[in-house]
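This report concerns only the one structure given below.
The values are calculated or read from the model by the stated rules, or taken from the named source; none is laboratory data. No experiment lies behind these values; they were computed from the predicted model shown. Here the Cβ positions follow ideal geometry from the backbone for every residue, glycine too, while neighbour counts run over all protein chains shown. Quick note on the areas: whole protein, heavy atoms, side chains included, nothing else; ligands and nucleic acids left out. Shrake-Rupley method; radii C 1.70, N 1.55, O 1.52, S 1.80 Å.
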Amino acid sequence: MNVYEAVTSRRAVRGFTGRQVPREVLERVLAAAAWSPSGSNLQPWHVYVLTGEPLAELKKRAGARVAAGDAWDEREYPMYPADLKSPYRERRAAFGKERYGALGVRRDDWESRQRAAAANWQCFGAPAALFCYIDADMGPPQWADVGMYLQTVMLLLRAEGLHSCPQMAWSVYRTTVAEVLSPPEGLVLFCGLSIGYEDVTVRHPRTGRAPLDETVTFVEGAGRRLQAA
């Protein structure tokens, strides 16, 4: 699989088989992902990988919280701006329509939406999960570094025939994750990443992307002048 194939075939898969992911595959992916870029080579990611009984325990604890209707943990970072402006607001709305429409869930069916969301905390059935932390005192550039690292991980997983689903949803169950992982003080849970082999019987709508001219501006052409400062 070449890089273009890995990029275009990567998507957030929300249905996995129980087929186990070999430890050596995960180690190979994460060893290669360590070469991801980061400013001044800080490598600001702190990663935990769960499989087997530890992951089963996490799913059990998270499931108990869902069943009990426990309130979410307070977010340690804003997931979206409070006043999401255009065109981002419309893109988010389109995603929700595609996501829940594929599940046959109406916009006003809150109970069904909650059930669909609850699958996040079961890792959509995945047999492996990665949890990525960052030091609380890091700034936006380091958060960007973490994003580049996670993208590298996801593309390498595709090269191994695996799929994944990045999940900021775990940030609202961060105390439950911490009960299982016991991370050091001062770390913020950015997201989880479910990892496994795709369950092809589960429908996965492919969300669209904005046309290139909405997000990219080419500045070129002979005769352009730059004014002196």
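Out of everything in the range 99-116 that is open to solvent by 70 Å² or more (accessible area, probe 1.4 Å) and closer than 20 Å to T201 by Cα, what residue ends up being modelled with the lowest pLDDT?
Here the residue is L103.
One residue is enough: does the range 78-93 have a residue meeting the conditions in contact with a strand residue (DSSP E or B) (Cβ under 6 Å, 6 or more places away or on another chain), surrounded by 13 or more Cβ atoms within 10 Å (Cβ to Cβ) and either at pLDDT 90 or above or in a loop (DSSP other than H, G, I, E, B) (or both)?
Scanning the range 78-93 turns up no residue that is in contact with a strand residue (DSSP E or B) (Cβ under 6 Å, 6 or more places away or on another chain), surrounded by 13 or more Cβ atoms within 10 Å (Cβ to Cβ) and either at pLDDT 90 or above or in a loop (DSSP other than H, G, I, E, B) (or both).
Give me the pairs, please: first residue somewhere in the range 22-36 and over 16 Å from G196 (Cβ atoms), second residue anywhere and open to solvent by less than 20 Å² (accessible area, probe 1.4 Å) and assigned to a helix (DSSP H, G or I), beta-carbon distance under 7 Å, and either six or more positions apart or on two chains.
Going by the 7 Å Cβ cut-off, the qualifying pairs are A33/Y149; A33/V153; S36/Y149.
Would you say A118 is in contact with a helix residue (DSSP H, G or I) (Cβ under 7 Å, 6 or more places away or on another chain), of a type in the set (A, V, I, L, M, F, W, C) and closer than 20 Å to V49 by Cβ?
Against the criterion (in contact with a helix residue (DSSP H, G or I) (Cβ under 7 Å, 6 or more places away or on another chain), of a type in the set (A, V, I, L, M, F, W, C) and closer than 20 Å to V49 by Cβ), A118 does not qualify.
May I ask you to verify whether A56 is over 20 Å from the mean Cα position of the chain (by Cα) and either charged (D, E, K, R) or under 16 Å from E179 (Cα atoms) (or both)?
Working: over 20 Å from the mean Cα position of the chain (by Cα): no; either charged (D, E, K, R) or under 16 Å from E179 (Cα atoms) (or both): yes.
No.
Tell me which of these T17 doesn't satisfy, since it passes every other one: (1) surrounded by 15 or more Cβ atoms within 10 Å (Cβ to Cβ); (2) closer than 26 Å to P183 by Cα.
(2) is the only condition that T17 fails.
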